[in-house]
Each structure stands twice: as structure tokens, then as C-alpha cells.
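Values quoted throughout were computed directly from the atomic coordinates according to the rules given, and no laboratory measurement underlies them. Source: prediction; values computed, not measured. All Cβ positions, even for glycine, are placed from backbone atoms using ideal geometry, and neighbour counts span all protein chains on display.
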Amino acid sequence: MSFSNDQLERIAAGLRGEVIGLSHRAKTPHLGSSLSCIDLLVAAYWGFLRTDPADPGNPDRDRLVLSKGHAAPALYTALCARGFFPRHLLEEYGHDGAALAEQPAPGCAPGVEWATGSLGHGLAVGVGCALAARVQKRDYRTLVILSDGECNEGSVWEAALFAAAQKLGSLTVMVDYNKWQATGRSNEVMALDPLREKWESFGWESYEVDGHDHAEIRAALACAEIPGREKPLAIVAHTVKGRGVSFMEDDNNWHYRIPTAEELVAARVELGLE
Amino acid sequence: MRNAFAAEITKLAAERDDLVLLSGDIGNRLFDKFKEIAPGRFFNCGVAEAGMIGVAAGMAACGLRPVCYTIASFLTYRVIEQIRLDLGYHHQRVLLVGTGAGLSYASLGATHHSVEDMGMLRLIPGLAVLAPGDAVELRSAISAALDYEGPVYLRIGKKGEPVVHQNPVDFQMGRALRVREGGRVWILALGNMLPVAMQASDILESRGISTGVASMGSLKPLDEALLREVFAGADLVATAEEHSVLGGLGTAAAEWLAREGRGAKARLLTFGTPDEFLHQTTHQLSARAWAGLDAETMAASIERSLQV
């Protein structure tokens with residue numbers, strides 16, 4: 001399965017439209033955080049991960065843990081578009097009794113590997129998945145997507161140190177570095193910069209990419225394919241919160257704001273969906 | 001108990017290749033044999049307990065059976081949210097083994113006392129809480145815990161605890177082990193209070209008060225059938241634990257009594273640590289005496305209670 005960068009961008013635009021629609025209909029927040037990581041998810045599911053939507057429990061599948069659980073709508077739309085589950089699950093998102101909640105529950109839908117929502121859990125779980133592969137002599141890869149605000153949590157760095165000590169070359173982290181956390185600039189709240197160098201100093205092979213440029217993301221992910229690698233891979237992806245919609249981009253009000261019907265239409269027009 | 005744990009887990013690791021052992025940078029030399037027979041299945045996770053629980057959860061989700069081992073206070077208080085979400089919410093089959101539980105490390109101060117651990121963990125849905133009474137019971141409890149279909153917290157002491165069970169026992173989740181049959185009094189002992197309960201029973205028997213002893217190694221699930229029987233038949237039921245009187249076995253028995261106690265004849269006496277930090281320098285035995293958890297004090301309290 002190979003897609004051109006143009007095709008990936010079109011897929012991402014479609015997912016962005018879906019995510020904004022979900023937020024509007026279900027009145028759920030965290031839209032900006034979902035939009036910033038869409039391209040990372042598209043790069044993962046349309047090119048990197050060896051997973052079969054028809055066999056989501058295969059023990060040899062690559063794992064993706066979306067550790068920033070508040071971006072669940074982005075994950076749901078990606079999984080649905082890749083055929084992991086039928087569209088009606090997406091349409092019921094956020095309703096009482098629906099499978100898909102604002103943040104993912106354990107086993108809520110095929111393809112959702114872990115219930116996240118409390119930040120700082122996903123990387124350690126991903127380390128466990130990667131170590132299990134080693135013990136069981138399987139060759140699957142594990143990819144964990146973190147938010148920058150999440151890197152406030154000490155547990156992220158505990159797991160990072162341990163992964164490097166264990167030489168977990170099958171583990172990759174992508175940090176959705178959108179420069180905002182819930183109530184402030186992530187670099188003002190905590191001294192995250194220089195973020196790539198932090199991962200490097202923790203024993204990871206690390207790269208910085210434009211997290212909306214599919215050629216760059218693809219090139220960084222290709223490093224994970226190198227056989228026999230011993231260092232885990234960290235990709236610090238510079239992203240824009242609210243990416244894809246001019247009136248949402250880099251405006252942290254969209255951490256919590258819900259789009260109106262008019263804003264939904266305007267956003268879809270900008271995304272080339274109307 | 002920790003030597004019995006190391007021996008048993010090593011034996012089990014030889015029998016099943018899905019068992020992995022994670023340590024929070026303790027147990028120097030304790031697991032040498034384990035590392036020898038299962039070199040790729042021992043992980044020193046460092047002084048990083050939150051990471052260790054998450055790693056174990058991920059391993060369990062991928063089909064391994066992780067056992068996490070470190071000092072009880074660090075394994076529980078520090079990482080309660082990892083336990084609640086990554087193990088409880090996800091219902092992962094991870095066995096947590098807290099060593100030096102209760103007042104075992106009394107001399108190290110309150111940082112190392114774990115007398116609130118069971119109260120905290122008992123609240124997590126689907127998570128079993130076990131505290132076997134001696135090394136014999138522990139060996140059987142490990143297998144029962146590994147067979148359980150959810151997460152388990154297994155609370156053990158340090159080393160050199162007296163052995164009470166003279167023969168191998170069949171530890172079952174939700175089942176107490178009756179060690180001595182009784183009449184007017186039953187002492188329900190949790191974990192390493194079992195030998196103390198036996199001594200208290202000896203004292204009471206010598207004073208003509210028939211006193212049974214059961215080892216309540218399975219705090220959750222609780223042996224409600226035994227509670228029903230002893231509360232209906234005896235005049236007094238006492239619980240004994242190296243744990244706060246809040247949240248542990250005494251509380252569980254009181255909750256059961258309030259909820260299901262119709263037909264109960266016996267009154268309940270709870271022995272445990274008081275609702276305060278222990279500040280003075282002390283060793284395990286003197287810490288027990290501070291809490292009234294020595295056989296003489298317990299026997300005297302029980303005798304006094306029978307008279308009023």
C-alpha cells in the first residue's frame with residue numbers, strides 16, 4: 001500500500017472534516033488537539049503500520065497507542081476510514097451507550113489498542129508491548145503518539161529511560177508538538193525545549209519534522225524500518241494546533257470550543273470538502 | 001516470605017514461558033536463579049514504579065504474565081493511578097507483589113510502612129487483594145493468583161516469619177484457611193499476623209476460652225461463608241492485621257456485618273494500626289506493641305470484651 005503525498009493530504013483533509021463534524025454534533029472539546037495529530041495518524045495508518053483491519057487482534061500486528069487520549073476523535077476517524085469498524089460507530093460517537101466515547105475505553109472498537117485519557121500512561125504501555133514482542137520472538141513494531149503537554153508527566157521520562165536501557169529499537173514515539181497545552185504555551189508552563197535533544201540525551205535516536213509534511217514524516221518513520229536497530233526512535237513533530245482551518249490554527253480557545261454549524265461549513269470549505 | 005516467593009516464582013518460570021518478572025530495583029541476588037533459568041524474562045525496571053506498572057500492563061495485553069515485585073509502599077501509594085487504570089480498568093492479568101508490607105520495615109520509618117495499601121487497592125474494581133499467612137500459604141497463593149483472570153495485589157512480609165501451616169495448603173481465592181477450630185472466639189488473621197493470632201489463641205485457650213483461628217489470606221474476594229458461620233456461632237470475632245483499622249480486614253468485616261449480619265451473634269473487635277503515623281524509631285515487634293498487635297494485648301482485650 002503506497003500513497004503519494006497528495007493522496008495522504010487529501011485523506012487527512014477528509015479526516016479533519018470528520019473530526020470537526022464529530023465535535024460539532026456531539027458537542028465534545030479537544031478539537032485543536034485532534035487536528036494537530038491527524039497527519040501523524042494518517043502517516044501511521046496509511047504507510048507505516050502493518051495491521052489488517054480484518055484481523056485487528058492478530059498477535060503479530062504493529063501496535064499504535066494514542067497516549068494523548070483527548071485526541072480520540074482523530075483516532076476514531078482514522079480507524080473508521082481504514083476499515084477497522086463500520087461508519088455507524090462513528091455516527092453514534094458520544095451518544096449515551098455508544099461504543100466510542102470522548103476518550104477511548106478498553107476494547108471500545110477494533111483497532112483501539114489502549115484506553116487513554118489520563119496523560120503519561122501510553123509510553124510505558126508501549127514499552128511493555130515492545131518488550132513482549134522480544135520475549136515472544138515476534139517482529140511487530142510499536143508506535144506511541146504523545147502530546148507535548150503530556151511530556152510534563154514524569155512517567156513519560158521513566159518509560160523513555162527504560163526503553164533506551166532495554167535497547168528497544170522496535171519502539172517509536174511521535175510527539176505532537178503543537179506548542180500548546182490546556183491553559184498555556186507548553187514552553188512557558190514547563191521548559192520542554194529543546195525537546196528533540198531531550199529525547200536524544202535520554203538515549204533515543206531522534207528527529208525533528210514538520211508534522212504536517214508527509215514527505216518528512218515518512219522519511220523519519222523509515223528509520224524505524226532499519227533492521228537490527230537498537231535505539232528507540234523519537235520523532236518530534238512540529239505541528240499547529242487546529243491545523244487545517246484558518247480560524248482555529250494556533251488559537252488555544254479551540255482546546256475547549258465547540259464549532260457552530262456555520263463554523264463547520266466554513267471549515268469544510270477551507271478543507272476543500274464542500 | 002520473600003525467599004519463598006523467589007523460590008516459587010523461579011519454579012513457576014521454569015514451567016511456563018509466559019511468566020516475566022519485573023523488579024523495582026530491589027531483590028539483590030534474590031532472583032539470581034530466576035535470571036539463570038529465564039535470562040530474557042527478568043527486568044529491572046529501576047526506581048521507576050509508574051513505568052514498571054505501565055510496562056507490565058502492556059506486556060500482559062500482549063499475552064505475557066508479568067509479576068511486579070518491589071517494596072509494598074512504593075508499589076502501591078506511588079502508582080495508584082497506574083494500578084487503577086492500566087491494570088484495573090483494562091483488567092490485565094498482572095500480579096503485584098508488595099514485599100515488606102505492613103510494619104515489616106518499621107525501622108525504616110513511615111516512608112516504608114504500608115498500612116494503608118490494602119484500603120486503597122481494595123477499592124479498585126476487579127482487583128484481588130491477597131495476604132497469605134506464612135511461607136507455605138504464600139507458595140500456594142502465587143499459583144492461585146496467576147490463575148485469577150484479573151489483576152492481583154499480593155502482600156508479603158520480609159524474611160524469617162514463623163511457619164504456621166505444617167502441611168501444604170490449597171489456597172483459593174475467596175476462601176479463608178481454618179487453622180484451628182474454635183468456640184466462643186474466632187481470630188481472623190491477615191498475612192503475617194497469623195502466628196501472632198495463634199499465640200493469642202494459645203493464651204486464651206490456657207484461660208479456658210476456646211479460640212479458633214483462620215487465615216484470611218484472601219481479603220478480596222472475602223470469604224463471606226466463613227464470616228457468616230463464625231459470626232453466627234461465636235460470641236466474639238476479632239480481626240488482626242498489620243494494616244490500619246481503616247480500610248483493611250477489620251473494615252471489610254464491619255462492612256459485611258452491617259450489610260449481611262442478620263443472625264449474627266458475635267461482636268466484632270478489630271486489631272490494627274491506629275489512624276495516625278508512627279513517628280518514633282521502632283522495630284517491627286515494638287511497632288506491633290504500639291498498635292496493640294501483640295499476642296498478650298490481643299488476648300487481654302478479647303478476654304475483657306467477653307466480660308462486658
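Summary of computed values
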{"item": "Relative contact order (%) - the stretch A:115-216, alpha-carbon pairs under 8 angstrom, separation at least six", "result": "26 percent"}
{"item": "Equivalent ellipsoid semi-axes, the protein assembly as shown, via Cα gyration tensor eigenvalues times 5, rooted, Å", "result": "52, 25, 20"}
{"item": "Share, in percent, of DSSP beta bridges within the stretch B:1-137 that are antiparallel, nearest 5", "result": "5 percent"}
{"item": "Distance violations [Cα-Cα > 29 Å] among A:LYS27/A:LYS179; A:LYS167/B:LYS158; B:LYS35/B:LYS158; B:LYS33/B:LYS220; A:LYS68/A:LYS167; B:LYS33/B:LYS158", "result": "A:LYS167/B:LYS158; B:LYS33/B:LYS220"}
{"item": "MRE, 222 nm, helices only [DSSP H, n ≥ 4, -39500 (n - 2.57), over chain B, to nearest 500]", "result": "-10500 deg cm²/dmol"}
{"item": "Amide H contacts of B:GLY102 (H built 1.01 Å from N, under 5 Å, at least 5 apart or other chain)", "result": "B:SER114"}
{"item": "Formal net charge of residues neighbouring B:GLY248 (Cβ-Cβ distance under 13 Å; K, R +1; D, E -1)", "result": "-3"}
{"item": "Helix axis angle, B:295-307 relative to chain B longest principal axis, alpha carbon, degrees", "result": "40 degrees"}
{"item": "Relative contact order computed over chain B (Cα-Cα under 8 Å; 6+ residues apart), in percent", "result": "16 percent"}
{"item": "Other-chain or far-sequence residues with amide H under 5 Å of A:ALA234's (modelled H)", "result": "A:VAL173, A:GLU205, A:SER206, A:TYR207"}
{"item": "Note, ³J(HN,Hα) from phi for the stretch A:133-141, Karplus 6.51, -1.76, 1.60, rounded to Hz, x at Gly and Pro", "result": "4, 5, 4, 8, 6, 9, 10, 6, 10"}
{"item": "Fully extended contour minus Cα-Cα distance, from B:GLU229 to B:LYS35, at 0.36 nm per residue", "result": "65.3 nm"}
{"item": "Normalised contact order of the stretch B:2-155, rounded percent, pairs of Cα under 8 Å and 6 or more residues apart", "result": "23 percent"}
{"item": "Placed amide H near B:CYS68: partners under 5 Å, 5+ positions off or other chain", "result": "B:LEU22, B:LEU95, B:LEU96, B:VAL97"}
{"item": "Karplus (6.51, -1.76, 1.60) ³J(HN,Hα), θ = phi - 60°, over the stretch A:190-202, in Hz, Gly and Pro reported as x", "result": "9, 7, 6, 6, x, 6, 4, 5, 4, 4, 4, 6, 7"}
{"item": "Rg/Rh for the stretch A:1-43, where both radii come from Cα atoms and Rh is the Kirkwood radius", "result": "1.04"}
{"item": "Rounded to the nearest 20 debye, dipole of chain B from Cβ charges on Lys, Arg, Asp, Glu", "result": "140 debye"}
{"item": "Rounded to 5, percent antiparallel among DSSP beta bridges of the protein assembly as shown", "result": "10 percent"}
{"item": "Per-residue HN-Hα couplings for the stretch A:223-232 [Karplus 6.51, -1.76, 1.60; θ = phi - 60°; Hz; x = Gly/Pro]", "result": "4, 5, 7, 5, x, x, 5, 10, 8, x"}
{"item": "The stretch A:41-96: trypsin sites (Lys or Arg not before Pro) falling in loop per DSSP and having at most 16 other Cβ within 10 Å", "result": "A:ARG50"}
{"item": "Estimated 222 nm signal from helices in chain A, with DSSP H stretches of n ≥ 4 weighted -39500 (n - 2.57), rounded to 500", "result": "-11000 deg cm²/dmol"}
{"item": "Under DSSP loop assignment and at most 14 Cβ neighbours within 10 Å, longest GluC sites (Glu not before Pro)-free interval of chain B", "result": "B:1-148"}
{"item": "Local electrostatic count, A:TRP199, Cβ distance below 13 Å [Lys/Arg +1, Asp/Glu -1]", "result": "-3"}
{"item": "Simple Cβ-charge dipole of the stretch A:5-270, Lys/Arg +1 and Asp/Glu -1, about Cα centre, in debye nearest 20", "result": "600 debye"}
{"item": "Distance between the stretch B:144-184 and the stretch A:137-154 - C-alpha centres, whole angstrom", "result": "39 Å"}
